[in-house]
Amino acid sequence: MVSNQRESKISAHHNYLVNDALTPGFALGNPGSKDGFYFLADVVLPGESTPRVSARLYDHEGEFLVELVWNRIKANPGHTRFQSLPNGFRLLYPSGEAILSVQTERFTNGYLSRIQGKLYDEKGGLRMEPSLESVTVYGKASLTLESPFEFSA
Amino acid sequence: MKKADHNKSYHGVWVFGDYRHYFQNRVTLQLIAKGRELAQTLETSITALVLGDHVNQYAMEYVAHGADKIMIVDHPALKDYRVETYTKVIAELIERYKPEIFLGGATAFGRELFPRIAKRVKTGLSADCVALEIDPETGNLVQTTPAWGGELLADVVTPLHRPQMATVHPGTFRELPHDASAVGRVIYPDITVEADGRVQLLRSKTQPKGKVNLEDAQIVISGGRGMGSKDQFDLLFELADLLDGEVGATRPAIRAEWTDEERLLGQTGKIVKPKLLITVGASGALQYTVGVQGAEVIVAINRDPHAPIFNMADLGLVGDGRAVVAQLIDELRKRV
Amino acid sequence: MNIAVCIKQVPDTHTIRIDEKRMTIVREGGDNVINALDCVALEAALDLKARRGGSITVLTMGPPQSEEALREALGYGADTAILLSDPAFAGADTLATSHVLARAISRLEPFPDLILCGKQTSDSDTGHVGPQIAEELDLPQVCGVDEIHLEENALVVKRLSDGLVETFRLSLPALLTVSNALCAPRRPSFGDLEAAFSMGSVRTWRLDDLGLNPDEVGASGSATWVVKLRSAPPKARGEIVSGPTQDLVDRLIKKLEALSVIDEESRSQ
């Protein structure tokens, strides 16, 4: 009915900020893909306080960089460095340049996670880049997940 | 349900998100709960409108407390509550989205913002409502407001204009409990926000002297002329401390300079709706009682058995209020 | 500095009586007074006039007897008084009332630098008229002001709002509503009032004088209608206890325990 607006979902417990909008969870590409780009900021359930990020990232030339599963490095051909932060974590290129950061702000009754990153897919295409306080995403995406993603075994 | 033709294009129940002093000021949450009920009757949704700078926390709280949708306008010019700036944004949103009902808490800000919005969109507004219901025949919102200083209740309707706007006294409705599993829709309207250059907020400070918040107090102890002197009036502060309550006063006590104007209860002072009011040494003049008659339980202490205050008390004690309060304090101290 | 003050004549609450059988207010025979907060507004206007010169126009919308209120204001020192009175104005809600007052103010020559109103009235108590006049005249507003300082072409005002002490600078023209913390209104001396009653400066403006149509004013120009007026359910008179202080204290303690305000004393004591 009305143009001139953006719409998303909002969770009472935990949200990410993406495309300058709140969302309970979002995914780029095909999460769980074994040989292609994906990025998953998974839904955080009441009782949990940290976001779970899984991703398969490539550099700007389409070379496989790193695979993260639930905030942990699983494969790291690009020799990226993982750095814990007081309220999240950062992933860096060997040169020290930032790939991705995830930081969570705590409110009295809820949480807000800000993701910043410049991410590329297996074709070297730009899929995410920082914007002011959030990120802008491109390409195939599910921007409003409402329940935790089910990975097939 | 029948509706006038003009009104058919208006849908939805909106609540203004007044989030200053969020944890003491629960009125928005109370209105979301009541708004949800009204929306269900009208088979529509309840939206909380949140304006400000970095308001994500409040948006999430409103979803947790029952809002189906949140409409967010997040902009630096909205950081401070300012009537002219807020009126312009909200009036434009009303014209675009056409809510049929728009509710706001009767906080000081709500009471000066809502009339301006109502005038701008040329609709009706009732103030300080104590009840809200949908008329099953017309679908109109029946707004019950105190009239004649609270002696009478007026049922008011806005049959031909939309939205139907009302401010509601804090404490009138009960909020829904926080539900961390709630998920709602969030809308970010594309709208220009400009501060009104004719008004500058130079300074904003929290009220000094341990914030007097009578309107939200659950227990109020109030004193009138019968307390006799400032020293004896001060006993009420001791009692309030022991019972975790707040102290109020009548106009004569304020005039005698036994306490500050900000503690005045009544027509030209504050309206309170505590669970318990203990009123000491006040005869019950109309200008005072309109401020306190909303209390759930009223205990009155006065040495005059014919004082009108006893007509509205659940428990009346005929005697010297100062002596009763002094002895009560002693006995309560012994128990601690 | 030219100031317009909006006042309202209201029943004097000190003389209001309650008809206990019908649970209504008895209006007949009571006195009418200028709404208390409007007296504060007028006093503030007189103070500003004393400091800056200029003139004060008082306006009221009401039945013909409201002229008394205007004359009282003239007695205190207002320069011009305008009575807005017409049968068509009756039954107005604040939308219609503010329309009449705003239209009248817009016809003042010159347009006032400042408009003052009481924050609310003792009878209808909504506090809406001031902000609605400001909106119609497209003026900035600050409500509940308790301090006013004059600058060259602006005002600096202070007020208490939701637990915050806020200080604003407003350019003129502007509208302010005043709280009773601003200043104490003066009490009339007989000399003032007698002088006022002999002055002829109360003008009456009707519907046509304001260039308004009947459907813009009064009940026709209102958006809200009262469909029912009923007495508030009276609080049932409860238990009355007399006796020595100890008895009263005991009874009160029992009540506090019953309400769970204090814990019950353990019986083993």
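Laid out as a table, the results:
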read-out	value
Using alpha-carbon coordinates, inclination of helix B:321-335 to the longest axis of chain B, degrees	80 degrees
Candidates B:F16, B:F114, B:F310, ranked by Gaussian network fluctuation over chain B, Cα under 10 Å, top entry	B:F310
Among beta bridges that DSSP assigns inside the protein assembly as shown, antiparallel share in %, nearest 5	55 percent
Gyration tensor verdict on segment B:5-187 (Cα atoms; rounded if a/c is under 1.5, prolate if a/b is larger than b/c, oblate otherwise)	rounded
Choice from B:R20, B:R198, B:R116 with maximal GNM fluctuation in chain B (Cα, 10 Å cutoff)	B:R198
Most mobile listed residue (B:D135, B:D74, B:D155) in chain B, GNM with C-alpha springs under 10 Å	B:D135
Additional length obtainable on full extension of the chain from B:V336 to B:D196, 0.36 nm per residue less Cα span	44.9 nm
Interchain or long-range residues, amide H under 5 Å from A:G62's placed H	A:G124
Loop-located GluC sites (Glu not before Pro) in segment A:42-106, at most 15 other Cβ atoms within 10 Å (DSSP)	A:E48, A:E61, A:E63, A:E97
Loop sites in segment A:1-76: chymotrypsin sites (Phe, Trp or Tyr not before Pro), DSSP, at most 14 other Cβ within 10 Å	A:W70
B:K230-C:S242 pseudo-label distance in nm [points 7 Å out on the Cα-to-Cβ vector]	3.5 nm
Karplus-derived HN-Hα couplings along segment C:243-256 (A = 6.51, B = -1.76, C = 1.60, θ = phi - 60°), whole Hz, x at Gly and Pro	x, x, 3, 4, 4, 5, 5, 4, 5, 5, 5, 4, 5, 5
Neighbour count of at most 14 Cβ within 10 Å plus DSSP loop: longest trypsin sites (Lys or Arg not before Pro)-free window in chain A	A:35-122
For segment B:1-154, share of DSSP beta bridges that run antiparallel, in % to the nearest 5	35 percent
Anisotropy class of segment B:168-260 from Cα gyration tensor, a/c 1.5 cut	oblate
Rough spin-label spacing in nm, given labels placed 7 Å along Cα→Cβ, for C:T204 and C:D47	3.5 nm
Charge-dipole axis of chain B as Lys and Arg at +1 and Asp and Glu at -1 on Cβ define it, positive-most pick from B:I221, B:Q30, B:H11	B:H11
Karplus 3J(HN,Hα) series, Hz, for segment A:85-102 with 6.51 cos²θ - 1.76 cosθ + 1.60 (x for Gly, Pro)	10, x, 10, x, 7, 9, 10, 10, 5, x, 5, x, 5, 6, 9, 8, 9, 10
Cβ-based charge dipole, segment B:219-335, positive-most Cα from B:V297, B:I329, B:G284	B:G284
Per-q log10 I(q)/I(0), the protein assembly as shown, q = 0.07, 0.10, 0.11 Å⁻¹ (Debye; single scatterer per alpha-carbon; no solvent)	-0.60, -1.06, -1.20
Calculated [θ] (222 nm, deg cm²/dmol) that DSSP helices of n ≥ 4 give over the protein assembly as shown, each run adding -39,500 (n - 2.57)	-6500 deg cm²/dmol
Extreme residue, positive dipole direction of chain A, given options A:T80, A:G47, A:S113 (C-beta unit charges)	A:G47
Radius, Kirkwood style, for segment B:133-204 when every pair of distinct Cα atoms is counted (Å)	17.4 Å
Of the GluC sites (Glu not before Pro) in segment B:13-77, those whose Cβ has at most 11 other Cβ within 10 Å and which sit in DSSP loop	B:E43
Percent of beta bridges antiparallel (DSSP, chain B, rounded to nearest 5)	15 percent
Net charge dipole size for segment A:38-153 [Lys, Arg +1 and Asp, Glu -1 on Cβ; Debye, nearest 20]	200 debye
Phi to ³J(HN,Hα) by Karplus 6.51 cos²θ - 1.76 cosθ + 1.60 over segment C:154-161, Hz, x for Gly, Pro	8, 10, 10, 10, 10, 7, 9, 8
Cα centre as origin, Lys/Arg/Asp/Glu Cβ charges: the protein assembly as shown dipole, Debye	660 debye
Evaluated over chain B, the Cα radius of gyration and Dmax, each in Å	22.0, 68
Student exercise, chain B dipole from Lys, Arg, Asp, Glu Cβ charges, in Debye to nearest 20	540 debye
Calculated FRET efficiency for the pair B:D5/C:N213, C-beta based, R₀ 30 Å, to 0.05	0.85
Cut-off under 5 Å, modelled amide H: who pairs with B:S45 long-range	B:G12, B:V13
Three-way shape call for segment B:219-335 based on the alpha-carbon gyration tensor, with the a/c threshold at 1.5	rounded
Cβ-defined net charge surrounding B:T145, 10 Å radius [Lys, Arg +1; Asp, Glu -1]	-3
Debye intensity ratio I(q)/I(0), log10, segment B:45-104, q values 0.30 Å⁻¹ (C-alpha model)	-1.33
Computed label-point distance, nm, for sites A:Q5 and B:D135 using a 7 Å Cα→Cβ extension	2.9 nm
Percentage of interatomic Cα-Cα distances in chain A larger than 23 Å	32 percent
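The numbers here are math on the coordinates, done by the rules we state, and not lab data. No experiment lies behind these values; they were computed from the predicted model shown. Quick reminder, even Gly has a Cβ in these numbers, built from the backbone with ideal geometry, and neighbours come from all protein chains shown.
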